[in-house]
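Asker: Next up is a structure, given as C-alpha cells.
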Amino acid sequence: MNGLIGRKLGMTRFFDDEGQALPVTVIEAGPCPVVQVKVVEGQPAAVQLGFGTRKAKRTAKALAGHAAKANLESAPSVLRDFPLPEGESEAPQLGDVVTVSIFQPGDRVKVTGTTRGKGFQGVVKRWGFSGGPKTHGSTRYRGPGSMGPGTDPSRVIKGKKLPGQTGNVRFTELGLSIVRVDEEQNLLYIRGSIPGPRQGIVMLRKQGSRGRYA
C-alpha cells in the first residue's frame, strides 16, 4: 500500500535537529481497514480503504452489507480507492488495517483535499485583478472592466476571468515531505500546508517524482 485516508487537524511548527523552525500540518491518518480489493484480469488493481465510523441509523443497507463482507462491525464514514503501485502483485486482504507505519520521515507525498469554499466572489478576490481607478468620477472600483471584442466576434470569449464561485474544488498538493510519524496516535507531520479546512478529509499517497516547486 502507498496511501491512506486522513483528517486535517491544523498547523503548528516543528524544530529539526539544527534548531530550524519548520511549518508543518498535522494529519490524523488511519487506521484504515481494507473494505474491498478490486481485481482486473485476475490481478489486484486497487484497494478500497475506509476511514472513521458511521452511525447505524445513518447507514444504508447496501453500505452496511458492503462493510459486513470485510468483517467490519460498522460502516466507515469515508471510502476511497487507491490504485496499487506498478509491480506490486500482493494486495492487502479484506479486514486488514493500514496504518501510518507505511510512511517514514523523509518520504515525499502528495495530498488531495477539497479547498475552502469562499462563495461567490468578484474578480479582485477571485483572480487578483487590481480594479479600476480610485479617483473621483470612477464607476468601476472593483469591476472586471471590458468584456472583450464588440463587432467581431460580438461575444464574450470562453475562459474569460469573471466573478463566480471561489474555492470548494478538489486540489492535489505535490512534493510535500513527512517530518515526523507518530504511530501511537496515528499522526503524520507534513512540512507545508495542504488544501482544506480543519477536520477536512484528505488522501495521502506516496510520490516518487519531484514536486511542483522542486
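Values in this text are rule-based calculations from the coordinates and carry no lab data. Keep in mind it's a predicted model, so treat the numbers as computed, not measured. Positions of Cβ are backbone-derived with ideal geometry, glycine not excepted, and every protein chain shown enters the neighbour counts.
Asker: Going by amide H atoms built from the backbone, whose H comes under 5 Å of the H on Arg180, apart from near neighbours?
Answerer: Placed amide hydrogens put Tyr189 under 5 Å from Arg180.
Asker: With 5 Å bins from zero, work out the P(r) of the stretch 20-128 over every alpha carbon pair and list the percent per bin.
Answerer: Here the calculated profile for the stretch 20-128 is 2, 9, 16, 16, 15, 13, 10, 8, 6, 3, 1.
Asker: Based on the Cα atoms of the chain, what semi-axes does the equivalent ellipsoid have, where each is the square root of 5 times one gyration tensor eigenvalue, given in whole Å with the largest first?
Answerer: For the chain, the semi-axes come out at 41, 24, 18 Å.
Asker: Percentage of Cα-Cα pair distances in the stretch 23-85 greater than 18 Å, rounded to whole percent? Don't jump to the answer; show the numbers that get you there.
Answerer: Values: 827 of 1953 pairs.
The calculated P(r) of the stretch 23-85 puts 42 percent of pairs beyond 18 Å.
Asker: Continuing with the same structure: Tell me which of Asn2, Gly42, Thr115 sits at the most positive position along the dipole axis of the chain, charges placed on C-beta atoms (Lys, Arg +1; Asp, Glu -1).
Answerer: Towards the positive end, the residue furthest out is Thr115.
Asker: Next up: Once the Cα gyration tensor of the stretch 148-214 is diagonalised, what are the square roots of 5 times its eigenvalues, in whole Å and ordered largest first, as equivalent ellipsoid semi-axes? Don't skip to the end; give the middle numbers.
Answerer: Working: eigenvalues 332, 48, 13 Å².
With the √(5λ) rule applied to the stretch 148-214, the semi-axes are 41, 15, 8 Å.
Asker: Same structure again: Compare the Cα positions of Thr151, Gln185, Asn168 along the charge dipole of the chain (+1 at Cβ of Lys, Arg; -1 at Cβ of Asp, Glu; about the Cα centre) and return the one farthest towards the positive end.
Answerer: Final value for the positive-end residue is Thr151.
Asker: Right, here's the next one. If I histogram all Cα-Cα distances within the stretch 120-166 using bins 10 Å wide from 0, what percent of pairs lands in each bin?
Answerer: Spelled out per bin, shortest first, that is 25, 44, 28, 2.
Asker: Where a Cα-Cα gap under 30 Å defines reach, which lysines qualify for Lys206, not counting those fewer than 8 residues away within the same chain?
Answerer: Partners found: Lys8, Lys38, Lys69, Lys110, Lys118.
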